[in-house]
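Take a look at the structure set out below.
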Amino acid sequence: MLRRSAALLLLALSAVAALASSGANATRTPVADIVDVEARPFSAIVKWRVSDPGRIVLEVGTDDRYGIWSPTTVAHDALTARTTLSGLEPATTYRFRVVARWRNGIKAEVRGSFRTDPWPSSTAATAVPAAADTSSSGSASPFVLPPALPPGVAPAPPPSTGALPPGTPTVESSSPLRVNGNAIFPRMVWRQCPTYYPTSMSAGINLFLGVSCTGPDEQLDRLAGRAISTVDANTPGISGHGIVGWHLADEADVSVGDASKLPAPKANGRVTFLTLTDHFSAHTAPPPNGKGIYPDFFKSADVIGFDTYPVEVRCSLAQIDNVYWMQRELISLTGGQPTFQWIEAGPMEHCRENEDPTPAVVRAETWLAIAGGARGIGYFPDWWAEDIRNEVRLVNREILALAPALLAPVAKANWSTESPVRVGARRYNGATYIIAVNTSTSPTSTSFTVLGLGGRKLRVFRDGRIITPLGDLVVDKLPGLGVAVYVVPPPGW
């Protein structure tokens, strides 16, 4: 009898101990920790650990807005692992956080920062055209919802595609420029005097197309590997720290007129940049030598850009819409090559009775070009009033933070061309990024749908404003020339 009582007592004590242990575990708070960060020029490897099962993601950006998500890792128990953050830019300070969502739904996070290594001493640039979109319906605007037509009214024929040969596969995305195999988003100035390099670099310029006021030796000496650059295609033998290739004559479709007269340097790890006027478009007058010249010009370079300058050359802010539509047109004409656009950032004295570009115009044009698919942006001229310089810096900071997403393939969005608001979308690691730009100077309501939003909230990247969609439908109001870059986290975050 005594032996049985002892056994019962032992069982009771074991149960109490188990309950105590269970209670201790229940009150223990799961934690996430940063173990180590290994920074490289174009990426960083973050080593982290979690104490409990859960889902883990890393967010990274140039400030506490972050903006880029890593793929999600599932931990079935306590876990130590590494996540590579790619698509980063050299010599840049980034902030990041490790976010864990435990099985009970509660989230925890731990924050850190790092600085990527400088631009490598040896740089090799490549520009491989993007593949054609074989899933396209073949319409002139495959990810735009055309306005409804009254009963009995036949749809208008699609607009002419200019120099695009009949039967050419539709290309919706141009490829990015790559340096040492890593996609980068060039932010450029044209043939700038080295005196202004520090000002430009502080405003976020990372690619200098040529030099003025002096020669390439001083160009390389002043840049000192802090940015990449090109030299004139007529001097192809020049090499040095940060050179990624050559640039051809400015607006060569007009200034030269015949692609066969252009120099054609070739070397491994070097690419050629070409800037054209907007006369390639089916909606502009032909250049002196006719529109038939453009296929050869497109073949003469690896990276193709253009300028249209609504305020300073076209003398009408009402033509700002061309920035978006001509960018898309260029992508189709160039077959997926990397494309870029020059943004008017100061007076050019073509339109004496017109006002010069304002910060709002610079911001709107920049994001219109990116929404249209530009994989690079240049600012011309290269000297800026203080308010323009501040806006260039802010916009470049946003581009830098979101570059991996902005360089991702175009995602489809439905919106009406009856609205003055232009829309572009991207997806990256499950997150969705939507750019909306009001081309009107008046406040405008806009609506668009992006498949897969599923009611997830949109955060406006610049000011943090939150928009709650109705399923996949987003409704918002933008001020005149207003820009909203919406960031939508991956499902579950």
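The values are calculated or read from the model by the stated rules, or taken from the named source; none is laboratory data. Not measured: the values here are computed from a predicted model. Neighbour counts run over all protein chains shown; Cβ positions are idealised from the backbone, glycine included. Calculation scope for accessible area: heavy atoms of the full protein, side chains included, ligands and nucleic acids excluded. Shrake-Rupley method; radii C 1.70, N 1.55, O 1.52, S 1.80 Å.
Each of Ala264, His279, Leu248 was placed along the dipole of segment 212-280 (beta-carbon charges, centred on the mean Cα), and the one lying farthest toward the positive end is Ala264. Rolling a 1.4 angstrom probe over the protein heavy atoms with all chains in place gives the chain an accessible area of 44 Å² per residue.
Summing Cβ point charges (Lys, Arg +1; Asp, Glu -1) relative to the Cα centre of the chain gives a dipole of roughly 2660 debye.
Accessible surface of the chain, 1.4 Å probe: 55 percent of it comes from carbon and sulfur atoms.
Considering only alpha-carbon pairs that sit under 8 angstrom and 6 or more positions apart, the relative contact order computed for the chain is 13 percent. In segment 190-259, taking the dipole from charged Cβ atoms about the Cα centre, the farthest positive-side position among Thr214, Pro194, Ala224 is held by Ala224.
Each of Arg314, Arg115, Arg397 has its accessible area taken with a 1.4 Å probe; listed largest first, they run Arg115, Arg397, Arg314.
Each listed q (0.10, 0.11 Å⁻¹) maps to a log10 I(q)/I(0) for the chain from the Debye sum over equal C-alpha point scatterers, namely -0.79, -0.94. Rounded to the nearest 500, the 222 nm mean residue ellipticity of the chain from helices alone is -6000 deg cm²/dmol, with -39,500 (n - 2.57) taken per DSSP H run of at least 4 residues.
What is the helix-to-structure angle for 359-371, meaning the angle in degrees between its Cα long axis and the longest Cα principal axis of the chain, kept from 0 to 90 and rounded to the nearest 10? Orientation of helix 359-371: about 80 degrees from the principal axis. Of all DSSP beta bridges confined to the chain, the antiparallel ones make up roughly 70%. Asp36 sits among other residues whose Cβ lies under 14 Å from its own Cβ, and their net charge, with Lys and Arg +1 and Asp and Glu -1, is +2. Using all alpha carbons of segment 364-408, what is the percent of pairwise distances in each 5 Å bin, ordered from the shortest bin to the longest? Result returned by the calculation: 5, 20, 31, 26, 12, 5, 1. Going by a ≥ b ≥ c, the root eigenvalues of the Cα gyration tensor, does segment 244-294 fall in the rounded group (a/c under 1.5), the prolate group (a/b larger than b/c) or the oblate group? Verdict is prolate for segment 244-294. Against the main long axis of the alpha-carbon atoms of the chain, helix 2-27 sits at an angle near 20°.
Here is the tail figure for segment 279-427: Cα pairs spaced more than 23 Å apart come to 38 percent of all pairs. Taking the C-alpha atoms only, the angle from helix 321-334 to the longest principal axis of the chain is near 90 degrees. The convex hull drawn around the Cα atoms of segment 163-311, when projected onto a plane and averaged over every direction, covers 10.4 nm². Dipole size of segment 276-347 about its Cα centre, with +1 on Lys/Arg Cβ and -1 on Asp/Glu Cβ: approximately 180 debye, rounded to the nearest 20. Only protein heavy atoms count here; on that basis, with a 1.4 Å probe, Thr80 has an accessible area of about 80 Å².
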